[in-house]
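Below is one structure, written out as structure tokens, with a few remarks after it.
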Amino acid sequence: MRLLRATYKDFTDEKLMQEMQLGKEQAFQELYDRYAQSLYQYFFRRMWKDREKAEDFVHDLFTKLIKNPTSFDASRSFKTWVFSVANNMTINEYKKQAVRSVVTSGGENEYQASPEKLADGLLQDEMFKEALEKELNELDEKHREVFELRHIQGFSVKEIAETLGINEGTVKSRVFYAVKQLTGKLMEFKMTLQTN
Amino acid sequence: MTPEIENIIRNSNFKDLSDQQKLALQDWASSEEEFETLQQILVTADSMDADVAPSPTLRTSLTETFSAQYGVASTLNSNQRKSNKTIVLWLKVAGAVAAVFMLFFLVFPLLAPNKTVEYTAEQKPMETKKELEKSADSNEVKQNNEQDEPSTSVAPIMQEAPQLARLESNPTRAMRDANLDISTADRGFAMASEAHSDRLFFSDMPDKNRQVVQENPELLAILYTSF
């Protein structure tokens, strides 16, 4: 069994999908191992950090994969295909919700910290992380999703373009805009920390 | 952002950058503050949601869905069944080994007396053989003695006495003598001999000497005092 798993580990995603269509459970397990975590993180971020909802979405996506494996276009990369399915699922969810909830809230005072706390580097890192989360949520959807795919999920520009169905130039310009926006806002945050 | 630019931002200090690198980064970070902020954004983004993971029940649930869809036994369940089978197999083996040991220890006491009987049965012929050899030896001594001139005088006995004292030191010989059908005088001689540190056995004496001692019991006292 271990040998069998080792063999599947060497398979490409696309080959695993073919094996899965033949009813090979190990192929499914391998695909799950490769994508469940990153898909969960993707949904987690897109579904307002709702763990339960993120898990429901991962479950629904893999169930679709099991019930209708032929929906996968073998000419495409599995990674970009499965994330494009995930992206469509979130868009549909947004339409259902109609109004997007902003989980993180708070004013400028959120960045305020005492000098004692500032001495702790780890705390500063944690605060910077919270600030980044906040500013990400402040970005508009199209810029936020490309930034998340590029710098949190680790997608290439080409993969983002395929996933979102847009051209690479658009991806690049959106990433650039998102990075510049975030850098500008977070520079202000760092200056606030230093003055305190 | 090309991978080269991203690599420079992630792994360099702004002060260490060459003019050429600064020029390439111009669009992304024109100042040291901007460069450091961008660096921190990229590093922080890497660690975002790293601890976010689906629950293990999700895998189980999906595996069951897969099994139901394709009509195959779930690997998770079959692995469990296999492990249960293995446990049962090992328990059977352990039970069999325990049964064999119990049987052995039950049968062993029954076999032990038989073994003793067999042992004595084997030993008996060997002892008979030894006795035969011994009698053959004594016959030989007898024949040698017969070749000598028969004498009833005390002198030869006195001469042989020290040799007799050195004849045998094996205590089992005394026991054997005790079982022989000999007279009280002989027994007394044996006892007297045995009482001495250098043991003298009546049975070890040549027949002619034994005869002399039997005819002259006073020699016992002489022999006893001579040792």
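The values are calculated or read from the model by the stated rules, or taken from the named source; none is laboratory data. All figures in this text were calculated on a predicted structure; none of them were measured in a lab. FYI the Cβ positions are ideal-geometry reconstructions off the backbone, even for glycines, and counts take in every protein chain you see.
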Counting only helices (runs of 4 or more DSSP H) wholly inside the range B:1-93, the ones holding at least 2 residues that are over 24 Å from A:Val171 (Cβ atoms) and modelled with pLDDT of 85 or more are B:19-24, B:32-47, B:56-70
Listed by first then second residue, the pairs whose first member lies in the range A:141-157 and is more than 9 Å from chain B (Cβ to nearest Cβ), whose partner is aromatic (Phe, Trp, Tyr), with beta carbons under 7 Å and at least 6 positions apart or on separate chains, are A:His143/A:Tyr177; A:Leu149/A:Phe155; A:Gln153/A:Tyr42
Going through the range B:1-52 in order, the residues found to be charged (D, E, K, R), surrounded by 11 or more Cβ atoms within 10 Å (Cβ to Cβ) and more than 10 Å from chain A (Cβ to nearest Cβ) are B:Arg10, B:Lys22, B:Glu32
Across (1) in contact (Cβ under 8 Å) with a residue 12 or more places away in the chain; (2) of a type in the set (Val, Ile, Thr); (3) surrounded by fewer than 18 Cβ atoms within 10 Å (Cβ to Cβ), A:Val82 clears everything bar (3)
Test for A:Gln26: is it of a type outside the set (A, V, I, L, M, F, W, C), at pLDDT 85 or above, part of a helix (DSSP H, G or I) and farther than 24 Å from B:Ala53 by Cα: no
Here the residues within the range A:41-60 that are free of Cβ contacts under 8 Å to residues at least 40 places away in the same chain and either in the same structural domain as A:Phe147 (by TED's automatic domain parsing) or crowded, with 22+ Cβ neighbours inside 10 Å (or both) are A:Ala54, A:Phe57, A:Val58
Check: Just wondering, is there one or more residues in the range B:59-76 that are over 30 Å from A:Gln18 (Cα atoms) and more than 9 Å from chain A (Cβ to nearest Cβ)?
Finding: no
Per the filter on the range A:38-64, residues of a type in the set (A, V, I, L, M) and more than 9 Å from chain B (Cβ to nearest Cβ) are A:Met47, A:Leu61
